[in-house]
1. Which of the peptides 44-53, 75-84 is most tightly packed, and how do the rest follow, going by the mean number of other Cβ atoms within 10 Å of each residue?
2. Students often check this: by mean Cβ neighbours within 10 Å, which of 85-93, 141-149 ranks highest, and how do the rest follow?
3. Just tell me which aspartates and glutamates come within less than 16 Å, Cα to Cα, of Lys3; anything on the same chain fewer than 8 places away is out.
4. So for segment 1-115, averaging the separation of alpha carbon pairs under 8 Å that are six or more residues apart and normalising by length, what relative contact order in percent results?
5. Highest mean first, how do 106-113, 65-72 rank when packing is the count of other Cβ atoms within 10 Å averaged over residues?
6. Please give every one of the lysines within straight-line cross-link reach of Lys148, meaning a C-alpha to C-alpha distance under 18 Å, and leave out same-chain neighbours fewer than 8 residues apart.
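Each reported figure results from applying straightforward, stated rules to the coordinates on display, with no laboratory input. Since this is a predicted model, take the numbers as computed values, not measurements. Neighbour counts are summed over all protein chains in view; Cβ atoms, including those assigned to glycine, are modelled from backbone coordinates with ideal geometry.
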Amino acid sequence: MTKLFDRTFGTSTEDVVSDMDISEKIGLLQQFVKPRHLDIPKVQHNEALWLLAVKELQKINSFKAPREKLLCIMSCCQVINNLLLNISMSNDRTLSGADEFLPILIYVTIKANPPQLHSNLKFVQLFRRETKLILEVEYYLTNLISAKMFIIDVSAHSLSMEESEFQKHMESVRLATQVSVASPSSSQGLPTSTRANQEETHMAGSRFPFMDSETESLAPGEVKQLHQ
């Protein structure tokens with residue numbers, strides 16, 4: 001599968017579009033979604049472990065084999081599961097399963113915004129041996145697929161907020177993103193090639209100040225400088 005990766009991973013236009021749509025939506029949600037919007041109780045808040053889970057999930061695009069991608073998902077989910085297990089042990093209570101696990105996984109997925117999430121999940125589902133997708137592995141993969149579907153279908157109701165508040169957040173983030181990309185006062189939003197051309201032109205202008213000058217417009221002192 002490593003050798004066949006370029007021919008089997010994200011090869012269709014639909015996959016590319018889905019990846020872009022999900023990444024864009026997660027980028028918007030990152031700006032305002034808090035743990036409370038997913039009904040995650042404060043006792044389960046642990047930014048350090050959440051960050052560790054985020055980093056594990058972000059590694060998924062660094063590997064080409066289905067098994068290795070699945071290991072990234074497993075590592076991420078095991079961090080969350082261990083967190084919940086420690087909390088349940090310290091509070092002497094039983095785990096509630098997916099009711100507690102899934103909201104944190106959704107939050108971690110939003111914070112991670114893993115590249116090509118749709119294509120990675122589809123790749124694992126298609127090419128990981130079915131006999132290996134059992135028990136804990138199947139549970140974690142299914143939950144991440146559920147997290148992806150939650151993000152695709154996200155609404156004000158699913159985030160425990162008013163519709164007007166949800167729309168206000170989404171529109172303000174969209175507007176801020178468009179302004180930052182389209183701003184003419186900064187080249188940061190421009191493609192790399194455009195920025196490079198601008199820098200090249202600026203350097204050329206400083207080294208050859210008379211490049212665009214007409215002969216008749218040059219003063220005697222400028223002609224002498226040009227000769228030099």
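1. Final packing ranking: 75-84, 44-53.
2. Numbers: 85-93: 10.8, 141-149: 17.8.
Highest to lowest by the protection proxy: 141-149, 85-93.
3. Glu68
4. On the way: 94 pairs, mean separation 43.2, N = 115.
Across segment 1-115, relative contact order equals 38 percent.
5. Working: 106-113: 22.4, 65-72: 18.8.
Packing order, densest peptide first, comes out as 106-113, 65-72.
6. Partners within reach: Lys25, Lys34, Lys55, Lys59, Lys69, Lys111, Lys122.
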